[in-house]
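Undergrad: Dumping the structure here so I can ask a few things about it.
The values are calculated or read from the model by the stated rules, or taken from the named source; none is laboratory data. The model shown is predicted, which means the values in this text are computed figures rather than measured ones. In this analysis, Cβ positions are derived from the backbone assuming ideal geometry, glycine residues included, and neighbour counts consider all displayed protein chains.
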């Protein structure tokens with residue numbers, strides 16, 4: 001049994017990051033470097049040697065991607081993480097950079113989709129203006145147009 005497996009067996013039921021709610025079928029987690037916030041071995045940022053974290057940049061614009069260096073000492077704090085910040089471009093550029101860091105370079109290809117989705121959502125939430133209203137539905141037919149005109153005049 002590897003160290004990761006043993007750590008998961010010890011922390012899966014007693015972690016302080018676990019979030020349980022009645023009525024929800026899943027158990028969630030507030031761990032750092034957990035991309036989907038689902039409490040599982042695959043997405044755990046504490047247990048896995050190769051963990052990926054995607055957060056909003058502290059400046060308010062951009063995305064910060066942090067990866068754990070797999071060969072760093074377990075006791076090291078400073079040099080155990082690699083951090084890259086994406087400030088320019090939109091969600092497509094951020095998605096491409098995240099995909100190249102996580103998947104194409106062979107770091108954790110199983111987490112590519114979750115990392116890209118999280119980075120795109122963060123960049124989209126940082127855009128000014130918020131959500132646009134959908135255009136009003138056009139009225140079809142002469143009788144329906146009369147009803148709309150009468151409502152606006154009254």
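Undergrad: Taking residue 87 as the residue in question, decide whether it is free of Cβ contacts under 8 Å to residues at least 60 places away in the same chain, surrounded by 11 or more Cβ atoms within 10 Å (Cβ to Cβ) and not assigned by TED's automatic domain parsing to the domain that holds residue 36. Can you show your working first?
TA: Details: free of Cβ contacts under 8 Å to residues at least 60 places away in the same chain: yes; surrounded by 11 or more Cβ atoms within 10 Å (Cβ to Cβ): yes; not assigned by TED's automatic domain parsing to the domain that holds residue 36: yes.
Taking the combined requirement at face value, the residue satisfies it.
Undergrad: List every residue pair whose Cβ atoms sit under 9 Å apart, with the two residues 6 or more apart in sequence or on different chains, where the first one lies in region 115-144 and is touching a residue at least 40 places away in the same chain (Cβ under 8 Å) and at negative phi and the second, anywhere, is in a loop (DSSP other than H, G, I, E, B) and surrounded by fewer than 10 Cβ atoms within 10 Å (Cβ to Cβ).
TA: 126/60
Undergrad: Still on this structure, please answer the following. Out of (1) under 15 Å from the mean Cα position of the chain (by Cα); (2) assigned by TED's automatic domain parsing to the domain that holds residue 123; (3) without any contact (Cβ under 8 Å) to a residue 40 or more places away in the chain, the odd one out for residue 54 is which?
TA: For residue 54, the failing item is (3).
Undergrad: Which one of these is modelled with pLDDT under 90, surrounded by 14 or more Cβ atoms within 10 Å (Cβ to Cβ) and not assigned by TED's automatic domain parsing to the domain that holds residue 119: 29, 15, 66, 80? Working first, answer last.
TA: Working: 29 fails: modelled with pLDDT under 90; 66 fails: not assigned by TED's automatic domain parsing to the domain that holds residue 119; 80 fails: not assigned by TED's automatic domain parsing to the domain that holds residue 119.
Checking each option against the conditions leaves just 15.
Undergrad: Something else about it: Restricting attention to region 25-51, report how many residues are part of a loop (DSSP other than H, G, I, E, B), on the phi < 0 side of the Ramachandran plot, without any contact (Cβ under 8 Å) to a residue 60 or more places away in the chain and under 15 Å from the mean Cα position of the chain (by Cα).
TA: Looking only at that region, the number is 8.
Undergrad: Looking at region 81-105, which of its residues are under 16 Å from the mean Cα position of the chain (by Cα) and assigned to a loop (DSSP other than H, G, I, E, B)?
TA: Across region 81-105, the qualifying residue is only 90.
Undergrad: Given the conditions (1) assigned to a loop (DSSP other than H, G, I, E, B); (2) within 19 Å of the chain's Cα centre (by Cα), which single one is not true for residue 124?
TA: Looking at each condition in turn, residue 124 falls short on (1).
Undergrad: State whether one or more residues within region 107-116 are surrounded by fewer than 15 Cβ atoms within 10 Å (Cβ to Cβ), at pLDDT 90 or above and within 20 Å of the chain's Cα centre (by Cα).
TA: Within region 107-116, the subset surrounded by fewer than 15 Cβ atoms within 10 Å (Cβ to Cβ) is 109-110, 113.
Okay, now just the ones that are also at pLDDT 90 or above, so 110, 113.
Cutting the leftovers down to within 20 Å of the chain's Cα centre (by Cα) gives us 110, 113.
Taking every residue of region 107-116 in turn, at least one turns out to be surrounded by fewer than 15 Cβ atoms within 10 Å (Cβ to Cβ), at pLDDT 90 or above and within 20 Å of the chain's Cα centre (by Cα).
Undergrad: Look at residue 73 and say whether it is surrounded by fewer than 11 Cβ atoms within 10 Å (Cβ to Cβ), in contact with a helix residue (DSSP H, G or I) (Cβ under 9 Å, 6 or more places away or on another chain) and in the same structural domain as residue 116 (by TED's automatic domain parsing).
TA: Working: surrounded by fewer than 11 Cβ atoms within 10 Å (Cβ to Cβ): yes; in contact with a helix residue (DSSP H, G or I) (Cβ under 9 Å, 6 or more places away or on another chain): yes; in the same structural domain as residue 116 (by TED's automatic domain parsing): yes.
In short, yes.
Undergrad: Please pick out the residue among 146, 151, 138 that is in a loop (DSSP other than H, G, I, E, B) and not assigned by TED's automatic domain parsing to the domain that holds residue 56.
TA: Numbers: 146 fails: in a loop (DSSP other than H, G, I, E, B); 151 fails: in a loop (DSSP other than H, G, I, E, B).
Result of the check over 146, 151, 138: 138.
Undergrad: Examine region 60-80 for a residue that is over 20 Å from residue 120 (Cα atoms), part of a helix (DSSP H, G or I) and touching a strand residue (DSSP E or B) at 6+ places or on another chain (Cβ under 9 Å), and state whether such a residue exists. Break it down into steps so the answer makes sense when it comes.
TA: Of all residues in region 60-80, those over 20 Å from residue 120 (Cα atoms) come to 68-80.
The next check asks that each one be part of a helix (DSSP H, G or I); those that pass are 78-80.
Now drop any that are not touching a strand residue (DSSP E or B) at 6+ places or on another chain (Cβ under 9 Å), which leaves 80.
Yes: one or more hits.
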